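The values are calculated or read from the model by the stated rules, or taken from the named source; none is laboratory data. Since we're looking at a predicted model, the values are computed, not measured. Glycine also receives a Cβ, built like all others from the backbone with ideal geometry; neighbour counts cover every protein chain displayed. The accessibility values were calculated without ligands, DNA or RNA, using every heavy atom of the protein model including side chains. Shrake-Rupley method; radii C 1.70, N 1.55, O 1.52, S 1.80 Å.
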Amino acid sequence: NAGVMQNPRHLVRRRGQEARLRCSPMKGHSHVYWYRQLPEEGLKFMVYLQKENIIDESGMPKERFSAEFPKEGPSILRIQQVVRGDSAAYFCASSPQGWGTDTQYFGPGTRLTVL
Amino acid sequence: GENVEQHPSTLSVQEGDSAVIKCTYSDSASNYFPWYKQELGKRPQLIIDIRSNVGEKKDQRIAVTLNKTAKHFSLHITETQPEDSAVYFCAASRVGGADGLTFGKGTHLIIQP
């Protein structure tokens, strides 16, 4: 049973470009969470999704950031017009039942560098 | 919203000694408390978790205690080994909560040979 997959593992973008991060949850998991980790800091919740639904996006900046989890395919975190402050590691996690009751299993992360 | 404080930020112990990391939380509705270990450049990995109907849980050299009245929980690692060196994060969430895990800022555990 493959774990949570994320790609790309490393992504370099210039200011103003778009970054697209992908997350495939563990088999059988329909709940996906995205977190951002700045250097030397803990993880900060961004958004919680189920298939085709955004459940909570209270941790995600209102502008430039969006997330989706389509019926088919991976969950995608999209950052438009990236700025240097977006440089961070972005982790997704998945769980089978969600809603705060379940263990969350993390992917290897995407390290975004904005030049 | 929930706020989780974690101490200390760095902990250095001699190999074979015990290590204790402490966390406090603010939301009395929180009832799920996992601990994650993160090695440099790697993903956070769950090492142990506790739910609010239990006061203590143990798994070999690792144990977690929870005091709901005081709103704090602790990670205990006994007989520390070099491979225990990593950053450890505590977290909290609540059943029915839709806002993910709230993490502490992490403790860098250094095991001195």
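Of B:PRO34, B:PRO44, all but one fail to be within 13 Å of chain A (Cβ to nearest Cβ), open to solvent by less than 20 Å² (accessible area, probe 1.4 Å) and either of a type in the set (S, T, N, Q) or in contact (Cβ under 8 Å) with a residue 60 or more places away in the chain (or both); the exception is B:PRO34.
The residues of region A:17-46 that are away from every other protein chain (no Cβ under 14 Å) and open to solvent by 50 Å² or more (accessible area, probe 1.4 Å), listed by number, are A:GLN17, A:GLU18, A:ARG20, A:ARG22, A:LYS27, A:GLY28. Just the residues that are under 23 Å from A:TYR33 (Cα atoms) and either out of contact with any strand residue (DSSP E or B) (no Cβ under 8 Å at 6 or more places or on another chain) or in a loop (DSSP other than H, G, I, E, B) (or both), please, taken from region A:1-23. Correct list: A:ASN1, A:ALA2, A:GLY3, A:VAL4, A:PRO8, A:ARG9, A:GLU18. Please verify whether region B:75-86 includes one or more residues that are touching a Pro at 6+ places or on another chain (Cβ under 7 Å) and more than 14 Å from chain A (Cβ to nearest Cβ). Yes, the conditions are met somewhere in region B:75-86. With respect to the stated conditions, B:VAL64 is touching an Asp or Glu at 6+ places or on another chain (Cβ under 8 Å) and either loosely packed, with under 13 Cβ neighbours inside 10 Å or part of a strand (DSSP E or B) (or both).
None of A:GLY73, A:GLY109 is more than 14 Å from every other protein chain (Cβ to nearest Cβ) and open to solvent by less than 70 Å² (accessible area, probe 1.4 Å) except A:GLY73. Would you call B:LYS22 under 21 Å from A:ARG36 (Cβ atoms), modelled with pLDDT of 95 or more and under 10 Å from the mean Cα position of the chain (by Cα)? Against the criterion (under 21 Å from A:ARG36 (Cβ atoms), modelled with pLDDT of 95 or more and under 10 Å from the mean Cα position of the chain (by Cα)), B:LYS22 does not qualify.
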